[in-house]
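I'd like to ask some things about the structure below.
The values are calculated or read from the model by the stated rules, or taken from the named source; none is laboratory data. Note that the structure is predicted; figures quoted are calculated from it, not measured. Here Cβ is always computed from backbone atoms with ideal geometry, including for glycine, and neighbour counts include all displayed protein chains. What goes into the accessible areas is simple: the full protein's heavy atoms, side chains included, and nothing from ligands, DNA or RNA. Shrake-Rupley method; radii C 1.70, N 1.55, O 1.52, S 1.80 Å.
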Amino acid sequence: MLKIIADNKIPFLEGVLEPYAHISYLPGAKTDASVIKGADALITRTRTKCDEKALSDSGVKMIATATIGFDHIDTAYCDKNNIKWVNAPGCNSGSVLQYIAATIATLTSKLCIDATQQTIGIIGVGNVGSKVAGFANSIGMKVLQYDPPRAEKEGREQFVDLPELLAQADLITFHVPLQRTGIYKTHHLGDAAFFEQCKKNAIIINSSRGEVINNDDLLAALNKQTIGHAVLDVWENEPDINRGLLDKTMIATPHIAGYSADGKANGTSMSVQAISRRFGLPLEDWYPSNIPAPAHPTLQIDAQGMTDQQVWSKAILHTYEILEDDQRFRREPATFEYLRGSYPIRREFRAYCIQLKNGSERLVEMLNKIGFGHVELI
Ligand SMILES: NC(=O)c1ccc[n+]([C@@H]2O[C@H](COP(=O)([O-])OP(=O)(O)OC[C@H]3O[C@@H](n4cnc5c(N)ncnc54)[C@H](O)[C@@H]3O)[C@@H](O)[C@H]2O)c1
Ligand SMILES: O=C(O)[C@H](O)[C@H](O)COP(=O)(O)O
């Protein structure tokens, strides 16, 4: 019988593959060579290091990671050794969008900023970055996009170069993969020289990978007030993060930007479907049917006397109050992995209905563009 090892923190998976495979659920960080030996396939998260040390002599034929990022997989080793690997492109991009939207709603309110007067610089415009660009456009921000691999393929028209972005952007948000080498290297893309080129009050947001920013340089830039603020979901050396940097951040979370239930369901189903295709199982269309509904799926807003920004902020923060994650984390930063493993159910915008009293067609269109499931004037 097919033997599969799956990370025990992948939701919606239990019971699905059991009719066709012997499946063991193990903690991701402890899934090493000693337990992998003899398995045909792995279903992982980012915490399982899939490298030569773990895989050589294991017999593993396929690795499916239920995540967007795949920097925990030595893809060159896998390719050379005929181990098929797949990630789950875009699976939780809607969740990261919700994280960025909640960040913008929170910051604009805290700092009394009019979003329509702000320029956002997006570094990496793939699945997540393009959703962030669409959101920023829909709330009236000016958007600058930096993505050299795309610019090379598609032409430079919709992209700027990095110095231009850094000179103009009030908010800078990273959505690149972690690449340690090569012409498109992103490791420590955010370093001292990068922060020197930013506007003095620039807000840096990182929800991509911790190592994309040199955390010591970011802390120094915050201390020297070379930049204004930082919002971090990802950190160098997780879970043992730089506590000095944590203290200086405006919003801090333990790598949960992609943790919506929707994103996890997408990731799990993409992994199951890929395993199914590889091993000929009848689960090629499988998708979880048990995603919990939001506690309060309908929100009524009386827009009388409110600005558009107040309305969309209220709608966004109803779905995701990001400061609750921030506070939980700051209270006990040492519980980084526990907070991730016990993350509450969060549903994305599409699971919500917004009823607008005294609203306008313009606001309805804006909320629809943001991605709410249903928006109506009442
Ligand atoms: N915090 C979280 O929970 C969370 C959730 C999902 C994804 N992520 C991470 O977010 C990142 C983006 O995810 P995605 O789904 O948008 O990935 P993606 O592959 O769809 O897009 C990445 C984009 O970055 C561009 N890029 C590559 N090298 C670049 C460089 N040197 N400079 C600028 N742009 C460059 C690519 O051309 C591509 O368009 C990944 O690192 C992923 O692991 C984090
Ligand atoms: O790459 C991704 O998809 C995200 O970073 C994801 O949220 C990582 O989750 P993990 O596997 O670490 O639980």
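Out of 10, 43, 5, which single residue is within 16 Å of ligand 1 (Cβ to nearest atom), within 19 Å of residue 281 (Cβ to Cβ) and either part of a loop (DSSP other than H, G, I, E, B) or open to solvent by less than 20 Å² (accessible area, probe 1.4 Å) (or both)?
Unique residue meeting the criteria: 10.
Any residue in the stretch 325-352 that is outside the structural domain of residue 372 (by TED's automatic domain parsing) sitting within a Cβ distance under 8 Å of a residue that is in a helix (DSSP H, G or I) and open to solvent by less than 20 Å² (accessible area, probe 1.4 Å)? List the pairs, counting only those 6 or more apart or interchain.
none
Further question: So is residue 302 at pLDDT 95 or above, within 16 Å of ligand 1 (Cβ to nearest atom) and among the acidic types (Asp, Glu) or not?
So residue 302 fails the test.
Looking only at the stretch 75-120, count every residue that is over 19 Å from residue 232 (Cβ atoms), in contact with a strand residue (DSSP E or B) (Cβ under 8 Å, 6 or more places away or on another chain) and within 16 Å of ligand 1 (Cβ to nearest atom) and tell me the total.
5
Kindly state which strands (runs of 3 or more DSSP E) lie completely within the stretch 50-142 and contain at least 3 residues that are within 16 Å of ligand 2 (Cβ to nearest atom) and assigned by TED's automatic domain parsing to the domain that holds residue 270.
Here the list reads 62-65.
Within the stretch 28-40, track down each residue that is in a loop (DSSP other than H, G, I, E, B) and open to solvent by less than 60 Å² (accessible area, probe 1.4 Å).
Answer for the stretch 28-40, where residues must be in a loop (DSSP other than H, G, I, E, B) and open to solvent by less than 60 Å² (accessible area, probe 1.4 Å): 31, 38, 39, 40.
Can you tell me which residues in the stretch 200-256 are crowded, with 21+ Cβ neighbours inside 10 Å and on the phi > 0 side of the Ramachandran plot?
Across the stretch 200-256, the qualifying residue is only 255.
Within the stretch 46-71, take every residue that is among the polar types (S, T, N, Q) and under 28 Å from the mean Cα position of the chain (by Cα) and give me the one that is surrounded by the most Cβ atoms within 10 Å (Cβ to Cβ).
65
Then there is this: Search the stretch 1-27 for residues that are within 9 Å of residue 43 (Cβ to Cβ) and in the same structural domain as residue 59 (by TED's automatic domain parsing) and pair each with any residue that is within 16 Å of ligand 1 (Cβ to nearest atom) and in a strand (DSSP E or B) when their beta-carbon atoms are under 7 Å apart and the residues are at least 6 apart or on different chains.
Partner pairs satisfying both residue conditions: 7/44.
Starting from residues that are open to solvent by 40 Å² or more (accessible area, probe 1.4 Å) and free of Cβ contacts under 8 Å to residues at least 24 places away in the same chain, keep the ones in the stretch 112-136 and report whichever is farthest from residue 69 (Cα to Cα).
Restricting to residues being open to solvent by 40 Å² or more (accessible area, probe 1.4 Å) and free of Cβ contacts under 8 Å to residues at least 24 places away in the same chain, the top hit is 112.
Okay, moving on. I'm told residue 177 meets every condition in (1) more than 16 Å from ligand 2 (Cβ to nearest atom); (2) open to solvent by 70 Å² or more (accessible area, probe 1.4 Å) except one. Can you identify the failing condition by its number?
Unmet for residue 177, out of (1) more than 16 Å from ligand 2 (Cβ to nearest atom); (2) open to solvent by 70 Å² or more (accessible area, probe 1.4 Å): (1).
Still on this model: Could you please let me know if residue 25 is outside any loop (DSSP other than H, G, I, E, B), open to solvent by 10 Å² or more (accessible area, probe 1.4 Å), of a type in the set (Phe, Trp, Tyr) and at negative phi?
Criteria met by residue 25.
Residue pairs, Cβ under 6 Å, 6 or more apart or interchain, first in the stretch 76-105 and farther than 20 Å from residue 269 by Cα, second hydroxyl-bearing (Ser, Thr, Tyr) and in a helix (DSSP H, G or I). List them.
Partner pairs satisfying both residue conditions: 105/313.
Six or more apart or on different chains, Cβ atoms under 8 Å: show the pairs whose first residue is in the stretch 263-282 and under 18 Å from residue 96 (Cα atoms) and whose second is away from ligand 2 (no atom under 16 Å from the Cβ).
Within 8 Å, the pairs are 265/287; 265/288; 265/291; 268/288.
Sort through 355, 304 and tell me the only one that's surrounded by 13 or more Cβ atoms within 10 Å (Cβ to Cβ) and outside any helix (DSSP H, G or I).
Just one listed residue meets the conditions, 355.
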